[in-house]
């Protein structure tokens, strides 16, 4: 998982080829500018392979497959509501970096949990969740297509695990 680093914002690469596969926005390859990676200690993260389907996996067999919508590679997963505390004693429970701090408002943000920190005494509320922050993509003709707008971590108490979920395609 990559974060914007050393620049004010990450710039998305635009596809010049018609009909070709563009680097996905959830990947570092879909942007220009400086980046940094979240680097959890080895073997300390449980990657949620039952909730997030990577585009090169196929659960029907060993053959790699890409999920493509309009020529872009998508990450399938579950989108959930969340909150980011702005002040008070919960600020340490979240660290989210937005790709573009000046992104337009008005569209509701969701998070896609892609991994959880492995802990001895882990509860859904106290565990660190590694997340992509996603926003519904406009003008696709589909309600389930989202795009990455940030990444980081959220403590479980900040994510609505009991509310409704959406199965989405993050481009």
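The values are calculated or read from the model by the stated rules, or taken from the named source; none is laboratory data. Just so you know, these numbers come straight off a predicted model, no measurement behind them. FYI the Cβ positions are ideal-geometry reconstructions off the backbone, even for glycines, and counts take in every protein chain you see.
What the table shows:
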item	result
Top-ranked residue of the range 122-132 - restricted to ones that are free of Cβ contacts under 8 Å to residues at least 40 places away in the same chain and assigned to a strand (DSSP E or B), ranked as nearest to the chain's Cα centre (by Cα)	129
Residue check for residue 141: more than 18 Å from the chain's Cα centre (by Cα) and either surrounded by 20 or more Cβ atoms within 10 Å (Cβ to Cβ) or modelled with pLDDT of 80 or more (or both)	no
Failed item in (1) over 29 Å from residue 139 (Cα atoms); (2) touching a strand residue (DSSP E or B) at 6+ places or on another chain (Cβ under 8 Å); (3) modelled with pLDDT under 75, with residue 94 passing the rest	(3)
Options 71, 106, 88, 61: the member that is more than 16 Å from residue 137 (Cβ to Cβ), at pLDDT below 75 and surrounded by fewer than 16 Cβ atoms within 10 Å (Cβ to Cβ)	61
Test result for residue 128, at pLDDT 90 or above and either loosely packed, with under 11 Cβ neighbours inside 10 Å or in contact with a strand residue (DSSP E or B) (Cβ under 8 Å, 6 or more places away or on another chain) (or both)	yes
Residue satisfying all of: in the range 33-58; under 21 Å from residue 142 (Cα atoms) and in contact with a strand residue (DSSP E or B) (Cβ under 6 Å, 6 or more places away or on another chain); modelled with the lowest pLDDT among these	55
Hits in the range 149-163 - residues which are touching a residue at least 24 places away in the same chain (Cβ under 8 Å) and out of contact with any helix residue (DSSP H, G or I) (no Cβ under 8 Å at 6 or more places or on another chain)	149, 150, 151, 152, 153, 156, 159, 160, 161, 163
